[in-house]
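Student: Before I ask anything, let me first share the structure, which is written out below as structure tokens.
The values are calculated or read from the model by the stated rules, or taken from the named source; none is laboratory data. None of the values given here were measured: they were computed from a predicted structure. No Cβ is skipped: glycine too gets one built from the backbone with ideal geometry, and neighbour counts run over all protein chains shown.
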Amino acid sequence: ASLGASKLTFSDLSGSFQEQVSETQERIAAFKAVVAENKFDFAFQPIVDLESREISHFEALARFAKGESPYQTIVFAEEVGLIQDFDLASSRRAITYLSQQSAGSPVKLAVNLSGQSLQNDAFVDALMALGKENSGLAGRLMFEATESSRIHDLDRVSRVFQALKQMGFSMCLDDFGAGAASFQYLRALEVDYVKIDGTYTRRLLSSDRDSLLIRNLCELCRDLKIKTIAEMIELEDQVTELSSLGVHMGQGYLLGKPAPQPVFSRPGGSRSRR
Ligand code: C2E
Ligand code: MG
Ligand code: MG
Ligand code: MG
């Protein structure tokens, strides 16, 4: 059924295509090594209450070898079907981090999970097992489901969310409003937080339509008992506007950049220019 493709051999392919294939294979091998040997770090970025400016928790953002864009690496891992291995490694890392903290400094973390991972049975089983073993830390860990891959089987993912919530973990929908299925996600998935996609923050000050959408989303979330977070905040005026629209929390360079360790210095106190 391969429409004559059987006659095509690898050596018939153009040189550049062959190069692309072997380059991809090298990247796959390199990424597998990253996961197997835990060769990644976290950068910690604070999520801040917009009214009190107090830090609620830190998002643990994956960092790879120098020069490698985390975003590109994650997208690649999704494309080649390795993201679930990474998401399990980063969940483990977050739990290790929390378990090693001294009792007096209760940092809370959020880790990212790709929608693709959440639809993978082996990943879900492993995550559930990890969650059960570490439910004592659940009050300090939140999972952010990113919208980069569309979730098709919402019933299934909904059960996963419910189980994690029952163990005490918090759930967040990340990049809300960026994908095509946001409203459907809100219907199916019981979450504690919605993180409004950064494109809304970016346009907010110049677009009434964006303000309107945020205001109404906040109202909807309030009725659903969901807290809202805005990301990519770079300006004080954005904080003022977001706060007046009803957004609870914020994240962005203005409030705190991703750093190798959680930084607790009170953000937004000084308005230094960068
Ligand atoms: P995200 O979860 O939406 O994370 C926010 C991204 O925006 C981060 O990029 C962060 O460094 C950046 N950022 C934060 N504040 C600002 C700001 O004020 N201005 C600007 N211009 N950028 C800001 P990063 O670290 O490159 O991560 C990109 C994406 O990669 C994340 O987007 C998340 O979807 C994904 N990601 C990161 N770590 C993981 C992980 O462990 N697992 C999975 N599945 N995805 C991850
Ligand atoms: Mg995130
Ligand atoms: Mg986000
Ligand atoms: Mg985003």
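Student: What residue, of Ala36, Ala65, Ala89, Ala77, is modelled with pLDDT under 95 and more than 16 Å from ligand 3 (Cβ to nearest atom)?
Tutor: Within the list Ala36, Ala65, Ala89, Ala77, the selection yields Ala65.
Student: Given the conditions (1) in a loop (DSSP other than H, G, I, E, B); (2) within 15 Å of ligand 3 (Cβ to nearest atom); (3) free of Cβ contacts under 8 Å to residues at least 60 places away in the same chain, report the number of the one that Lys225 does not fulfil.
Tutor: In the conditions (1) in a loop (DSSP other than H, G, I, E, B); (2) within 15 Å of ligand 3 (Cβ to nearest atom); (3) free of Cβ contacts under 8 Å to residues at least 60 places away in the same chain, Lys225 misses (2) alone.
Student: Residues to consider are Ala103, Ala110, Ala77; find the one that is within 16 Å of ligand 2 (Cβ to nearest atom) and either in contact (Cβ under 8 Å) with a residue 60 or more places away in the chain or surrounded by fewer than 15 Cβ atoms within 10 Å (Cβ to Cβ) (or both).
Tutor: Ala110
Student: Looking at the stretch 93-109, is at least one residue within 16 Å of ligand 4 (Cβ to nearest atom) and under 22 Å from Val194 (Cα atoms)?
Tutor: Scanning the stretch 93-109, I find no residue that is within 16 Å of ligand 4 (Cβ to nearest atom) and under 22 Å from Val194 (Cα atoms), so the answer is no.
Student: For the stretch 133-183, give me each residue that is of a type in the set (S, T, N, Q) and either surrounded by 20 or more Cβ atoms within 10 Å (Cβ to Cβ) or in a loop (DSSP other than H, G, I, E, B) (or both).
Tutor: Asn134, Thr146, Ser148, Ser149, Ser170
Student: Touching a residue at least 24 places away in the same chain (Cβ under 8 Å), surrounded by 12 or more Cβ atoms within 10 Å (Cβ to Cβ) and of a type outside the set (Ser, Thr, Tyr) - does that describe any residue in the stretch 16-26?
Tutor: Within the stretch 16-26, none of the residues are touching a residue at least 24 places away in the same chain (Cβ under 8 Å), surrounded by 12 or more Cβ atoms within 10 Å (Cβ to Cβ) and of a type outside the set (Ser, Thr, Tyr).
Student: Would you pick out the residues in the stretch 34-61 that are assigned to a helix (DSSP H, G or I) and either over 22 Å from the mean Cα position of the chain (by Cα) or surrounded by 11 or more Cβ atoms within 10 Å (Cβ to Cβ) (or both)?
Tutor: Of everything in the stretch 34-61, those that are assigned to a helix (DSSP H, G or I) and either over 22 Å from the mean Cα position of the chain (by Cα) or surrounded by 11 or more Cβ atoms within 10 Å (Cβ to Cβ) (or both) turn out to be Val34, Val35.
Student: Could you list, in sequence order, the residues of the stretch 140-154 that are at pLDDT 95 or above and more than 14 Å from ligand 2 (Cβ to nearest atom)?
Tutor: Arg140
Student: So, in the stretch 215-234, exactly how many residues are within 15 Å of ligand 4 (Cβ to nearest atom) and either at positive phi or touching a Leu at 6+ places or on another chain (Cβ under 6 Å) (or both)?
Tutor: Matching residues across the stretch 215-234 total 4.
Student: Please state which of the following conditions Leu186 fails to meet, knowing it meets all the rest: (1) more than 16 Å from ligand 4 (Cβ to nearest atom); (2) outside any strand (DSSP E or B); (3) touching a helix residue (DSSP H, G or I) at 6+ places or on another chain (Cβ under 6 Å); (4) closer than 20 Å to Glu144 by Cβ.
Tutor: (3)
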